[in-house]
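Working notes, beginning with the structure itself.
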Amino acid sequence: MRVPLRWLRSYCDPGLPVQEVADVLTMAGLKLERLHHTGVGDVSAFLVGRVLESERHPNADRLTVCRVDVGRGEPQTIVCGAPNVSAGQTVAVALPGAVMPDGATLGEAKLRGVKSSGMILAEDEVGVGEDHDGIMVLDGDPAPGTPLIERLQVADEVLDLAIAPN
């Protein structure tokens, strides 16, 4: 059974860190199988970006080469495979070094000869939803470089508990 810590705290907030909540539940007869983190972790690696330019990749039909302002001076070149990316959008970006929700560390990559310095994110790549049909386009007009956590407001810990039958 998956129990979001935010949901549990809305019913009864013991005021304990997540690991201590897991320990208390274990002592009560529940077994913590795994602790999941949803949302974004390192605020310096997950940022709001603005797509300044988007052009078809010269060596791939389904890829787009984007220049993205992430609030750090020179725009980043990011190769994106989403069909809905276009110039002018405000998007969620992970920079090289970001630890993704699945535990993988994002690095720079060369995709069909073009260096990509980051990733424009879909909901499922951040762990805030299941949509992978395209990138997340953020509402409003947040400044490039704004920590993504400030826009999503959905980071949470999820306790994956095993409940033994009686």
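The values are calculated or read from the model by the stated rules, or taken from the named source; none is laboratory data. Predicted model only: the values in this text are computed from it and were never measured. Cβ atoms come from the backbone with ideal geometry, glycine included; neighbour counts cover every protein chain shown. SASA here: full protein model, heavy atoms, side chains in, ligands and nucleic acids out. Shrake-Rupley method; radii C 1.70, N 1.55, O 1.52, S 1.80 Å.
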query: Within the bounds of segment 58-71, is there any residue that is touching a residue at least 12 places away in the same chain (Cβ under 8 Å), open to solvent by less than 50 Å² (accessible area, probe 1.4 Å), in a loop (DSSP other than H, G, I, E, B) and closer than 30 Å to residue 2 by Cα?
result: no
message: Of everything in segment 81-93, what is more than 21 Å from residue 142 (Cα to Cα) and in contact (Cβ under 8 Å) with a residue 40 or more places away in the chain? Give them in sequence order.
response: 82, 83
- line: Out of (1) closer than 30 Å to residue 1 by Cβ; (2) surrounded by 16 or more Cβ atoms within 10 Å (Cβ to Cβ); (3) of a type in the set (Lys, Arg), the one residue 31 does not meet is (2)
query: Out of curiosity, is residue 50 within 21 Å of residue 140 (Cβ to Cβ), assigned to a strand (DSSP E or B) and among the charged types (D, E, K, R)?
result: yes
message: Would you confirm whether or not segment 80-92 contains a residue that is in contact with a helix residue (DSSP H, G or I) (Cβ under 9 Å, 6 or more places away or on another chain), within 23 Å of residue 5 (Cβ to Cβ) and either modelled with pLDDT under 95 or not aliphatic (A, V, I, L, M) (or both)?
response: yes
message: Criterion first (open to solvent by less than 40 Å² (accessible area, probe 1.4 Å) and either assigned to a helix (DSSP H, G or I) or touching a Pro at 6+ places or on another chain (Cβ under 7 Å) (or both)) does residue 145 satisfy it?
response: no
statement: Checked pairs for segment 137-161, first within 18 Å of residue 73 (Cα to Cα) and modelled with pLDDT of 75 or more, second among the aliphatic types (A, V, I, L, M) and open to solvent by 60 Å² or more (accessible area, probe 1.4 Å), C-beta under 6 Å and 6 or more apart or across chains, list as 147/43
field: Exclusive hit being within 17 Å of residue 43 (Cβ to Cβ), in contact with a Ser or Thr (Cβ under 9 Å, 6 or more places away or on another chain) and either open to solvent by 60 Å² or more (accessible area, probe 1.4 Å) or not hydroxyl-bearing (Ser, Thr, Tyr) (or both), set 126, 114
entry: 126
statement: So the strands (runs of 3 or more DSSP E) completely within segment 74-113 holding 1 or more residues that are more than 15 Å from residue 62 (Cβ to Cβ) and among the polar types (S, T, N, Q) are 76-80, 90-94
task: Mind telling me which of the residues 96, 101 ends up being closer than 29 Å to residue 158 by Cα, in contact (Cβ under 8 Å) with a residue 60 or more places away in the chain and surrounded by 14 or more Cβ atoms within 10 Å (Cβ to Cβ)?
output: 101
